[in-house]
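The values are calculated or read from the model by the stated rules, or taken from the named source; none is laboratory data. Note that the coordinates shown come from a computational prediction; the quantities given were computed from them, not determined experimentally. When we count neighbours, we look across all protein chains shown, and the Cβ atoms used for this are built from the backbone with ideal geometry, even at glycine. When the accessible area is computed, the model is the full protein with side chains, heavy atoms only, and any ligands, DNA or RNA have been set aside. Shrake-Rupley method; radii C 1.70, N 1.55, O 1.52, S 1.80 Å.
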Amino acid sequence: MKIPALALEPQAVPRVWGGPRLTRFIAQERPEPIGELWLAYDENLVSSPPFTGRRLKEVLPELGPEWLGSVPYGRYGLELPLLIKFLDAAEWLSVQVHPDDSYAHTVEAASGFHGKTEAWYVLEGKSELVYGLKRPMTREELHQGLLDGSAWENLRRVDVGPGDVIFVPAGTIHALGPRLLLYEVQQRSDLTYRLYDYGRGRQLHLEKGLEVSKLEPTPIPKLQPYPEGHKEILLASSAFVLERYRLEGTATIQAPQESFLLLTLVRGQASWEGRTLRWGETLLIGAGKKVALSGRAELLGAFMPSEQQLRSYPASVRASL
């Protein structure tokens, strides 16, 4: 189809650890704090013609495989296999872990979700996060430590701030600290195994969580932005590529030939086809298609690379699952 792109309506998700920075998207006050804003998900509504008001999952079959792109269609069919979010953490998130595709497609097949490899781009705030273990541990040792709270001292904590990119492959034990506002790109999944929750009383998922957890220290990939034309590649993995655009005036942005591109406004102001894009608004651009933007803004893009394209990037931006 000739439609180059669709704008998506964000979807607010309450979380016990949520903060105040995402409430601007809520039509009416809610008693629960808003922790997540799902910016691109196949359950989101389309907010641009000719599909305004329809769910994305209903629209994708009409757009067809070529519009979605050969790489995502070949792996996952006619669905949007990535999920884009904003996260506003007022408190520590639970210590958690996510399964990979193999585990999700077998043990959790009824959920319809994939595994969950993700990456964060810090927008605001300075804090720390949990990333893996300080030392190797046995499953039994970690299980007992999670029950009695002593495992906290064996979790690796690192400081992060604006502009940092953190790659979190499936199986990595992790937790976000307070005061952080993040952009997150992840595989299409809501499979989260909660390992430790600071006594909040929520359900833990120790059996499945420990089955999928890496029980040795996991180094954080040290990534260096790689300039490519009018953008920078921030992270390249087989699950997704994360890139950054700095818009000054007008620019034409094109999706790769083999994949859709999810383009999110994270700072400044920009317009597309006569409409002003809101902060956090995401455009789903069809494979190989172009959009013209104007304004002064920072935008983040995410797509699924072919193996050939992934190999073309330097080692400084590549991260393995």
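Summed over qualifying helices (DSSP H, 4 residues or more, each -39500 (n - 2.57)) and divided by its residue number, the chain shows a 222 nm mean residue ellipticity of -3500 deg cm²/dmol. Assuming charge only on the beta carbon of Lys and Arg (+1) and of Asp and Glu (-1), the dipole of the stretch 7-130 about its Cα centre is about 220 debye to the nearest 20.
Once the dipole of the chain is set up with Lys and Arg at +1 and Asp and Glu at -1 on Cβ about the Cα centre, which of Pro72, Leu93, Tyr245 lies farthest towards its positive end? Most positive-ward Cα: Tyr245. Centroid-to-centroid, using Cα positions, the stretch 249-288 and the stretch 60-102 are 18 Å apart.
Each 20 Å bin from 0 upward holds the following percent of the Cα-Cα pairs of the chain: 32, 59, 8.
Apolar share of the accessible surface for the chain: 49 percent from carbon plus sulfur atoms, 1.4 Å probe.
For the chain, the per residue solvent-accessible surface stands at 42 Å², with DNA, RNA and ligands left out and a 1.4 Å probe. Given +1 at the Cβ of Lys and Arg, -1 at the Cβ of Asp and Glu and no other charges, the dipole of the chain around its Cα centre is 600 debye to the nearest 20. Relative intensity of the stretch 87-160 on a log10 scale, I(q)/I(0) at q = 0.16, 0.22, 0.27 Å⁻¹, equals -0.82, -1.12, -1.17, per a Debye sum over C-alpha point scatterers of equal strength in the absence of solvent. Between the helical axis of 139-148 and the longest alpha-carbon principal axis of the chain there is an angle of about 90 degrees.
When the Cα positions of Thr23, Leu129, Ala110 are compared along the charge dipole of the stretch 1-139, Leu129 comes out farthest toward the positive end, with charges on each C-beta of Lys, Arg, Asp and Glu. Under a model in which nothing but the beta-carbon of Lys, Arg (+1) and Asp, Glu (-1) is charged, the stretch 144-194 shows a dipole of about 60 debye around its Cα centre.
Normalising the Debye intensity of the stretch 226-317 to I(0), with uniform scatterers on Cα atoms only, and taking log10 at q = 0.10 Å⁻¹ returns -0.24.
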